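Okay, so here's the structure we're looking at.
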Amino acid sequence: MIDGSTGVVIINPDPETIYRYRERAEVYRKYQDSIMAFGLLPAVTSDGNRSVRITANIELVDEISLAVNHGAEGVGLFRTEYLFLGRSDLPSEEEQYAIYKRIVEANAPNPVTIRTLDVGGDKLSAHFRVSHETNPAMGLRAIRLCLSRVDLFKTQLRAILRAASHGTCRLLIPMVSCIKELTATKEILGQAAEELAAKGIPHAPRIKIGVLVEVPSAVAIADLLAREVDFFSIGTNDLIQYAMAIDRVNEQVNYLYDTLHPAVLRLIRQVTVAAQARGIEVAMCGEMAGDPVNVPILIGLGIDELSMNALAIPLVKKLVRSVTVEECVELTRQAFDMQDAESIRALLENWLRERFPGDYFIDHS
Ligand code: PEP
Ligand code: MG
């Protein structure tokens, strides 16, 4: 039996445990049903001062209907690597185009953010593993790998440019750590567009381009990156790993992995400040975006879009609609005064409990 809310696996559960968990599953189902309606409403704060776009993270084309049913206003992160993994050949431009087009059309006019291939590290595939790496998370992965395989990268960019002519599509570049990677990407994107134009193949003449901010060096130069892109999306899953120097798949150092670590919050703030100074949008697509506990701070920092697992959308929308920007800013101010993640978590949980009794915590006992 798997308890997905706590990550606990129970082997050979006794009848009493099964009964208890069935009851809890039922309570959870009823709770989910009761909040489903919020998915269809816009995520505007109760004072009407801020609208947050709530989008879905998807990995497979079949997940679109789940995302739409739960109220996603587009796709904030389409992880394209699943098209490439678990097979011995590479997907062709036509195959990729057909899939991207389906996703873009199903969401139109809402935007779909397509992340270019992010393999390497914990996402390995036989035909990408060029040579053994002692430290794959810091190795030839994501944009680094794409820039070393221009043929493969350009094929994907052509497919995305073609799909972009069927709706609203944005390009998201993973693991950018310096401006040079962005310049090289734009050059290859330009070549891809020229090739399509030369062949008379319909495609979007221009596509919004964004950086997935997930490496601390990208945060440090966020002011410079902001001049080069249309938007940022903060990838907290990796950002926490690289900022805290903890391998995200190493259980022994898991205890250090905390979205509310003051360092993580400061990194996020640095990104939002740089984006706001330049007038570009900033999204968040790491797991942090879908946890209601974090939402008041993310509003307080001025994040424009939260992209998450579809199932999390109704609850997050409900919360956004219940708070004011002023109280979120005040809570954020208090959180930035605290020294550790535990105190910040206690602050946020207590605030939620007092402000919305019984609403945001399902009793797990
Ligand atoms: C992230 O790193 O936060 C992210 C969104 O990407 P992934 O989890 O696929 O690395
Ligand atoms: Mg990542």
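The values are calculated or read from the model by the stated rules, or taken from the named source; none is laboratory data. All values reported here derive from a predicted model rather than from experimental measurement. Quick reminder, even Gly has a Cβ in these numbers, built from the backbone with ideal geometry, and neighbours come from all protein chains shown. Keep in mind that these areas ignore ligands, DNA and RNA; they rest on the heavy atoms of the full protein, side chains included. Shrake-Rupley method; radii C 1.70, N 1.55, O 1.52, S 1.80 Å.
Carbon and sulfur together cover what percent of the accessible area of the chain at a 1.4 Å probe radius?
Values: 8860 of 16750 Å².
In the chain, the share of accessible area belonging to carbon and sulfur is 53 percent.
Can you give the local net charge around Asp340? Use residues other than it whose beta-carbon is closer than 15 angstrom to its beta-carbon, Lys and Arg +1, Asp and Glu -1. Spell out each step's value before the answer.
On the way: positive: Arg266, Arg345; negative: Asp258, Asp337, Glu342, Glu349.
Combined, the nearby Lys, Arg, Asp and Glu give -2.
Simple spin-label model, 7 Å along Cα-to-Cβ: Asn49 to Lys30 in nm?
In this crude label model, Asn49 to Lys30 measures out at 3.7 nm.
Which values of log₁₀ I(q)/I(0), to two decimal places, follow from the Debye formula for segment 167-213 at q = 0.14, 0.25 Å⁻¹ with a uniform point scatterer at every Cα?
Debye intensities relative to I(0), on a log10 scale: -0.39, -0.96.
Using a Debye calculation, one point per C-alpha and no hydration shell, please list log10 I(q)/I(0) for segment 103-216 at q = 0.16 Å⁻¹ in order.
-0.76
Can you give me the Kirkwood hydrodynamic radius for the chain, using every pair of distinct Cα atoms, in Å to one decimal?
Numbers: mean 1/r = 0.0463 Å⁻¹.
Computed over Cα pairs of the chain, the Kirkwood hydrodynamic radius comes out at 21.6 Å.
Using 0.36 nm times the number of residues separating Asn110 and Asp223, minus their current alpha carbon distance, what extension gain do you get?
37.9 nm
Pull up the cross-link candidates among the lysines for Lys186, meaning alpha carbon to alpha carbon under 22 Å and not fewer than 8 places away within one chain.
In chain and number order, the partners are Lys101, Lys154, Lys199, Lys208.
Kindly provide the Kirkwood hydrodynamic radius of segment 23-126 in Å, to one decimal, from all pairs of distinct alpha carbon atoms.
15.9 Å
What is the angle, in °, between the Cα long axis of helix 179-198 and the longest principal axis of the Cα atoms in the chain? Nearest 10 is fine, range 0 to 90.
Taking the Cα atoms of the chain, the angle to 179-198 is about 60 degrees.
For the chain, set up a Gaussian network in which alpha carbons nearer than 10 Å are linked by springs, and say which option among Ala25, Ala108, Ala137 fluctuates the most.
So, out of Ala25, Ala108, Ala137, the one fluctuating most is Ala25.
Under 30 Å Cα-Cα from Lys30, which lysines qualify once same-chain neighbours fewer than 8 residues away are excluded?
Partners within reach: Lys317, Lys318.
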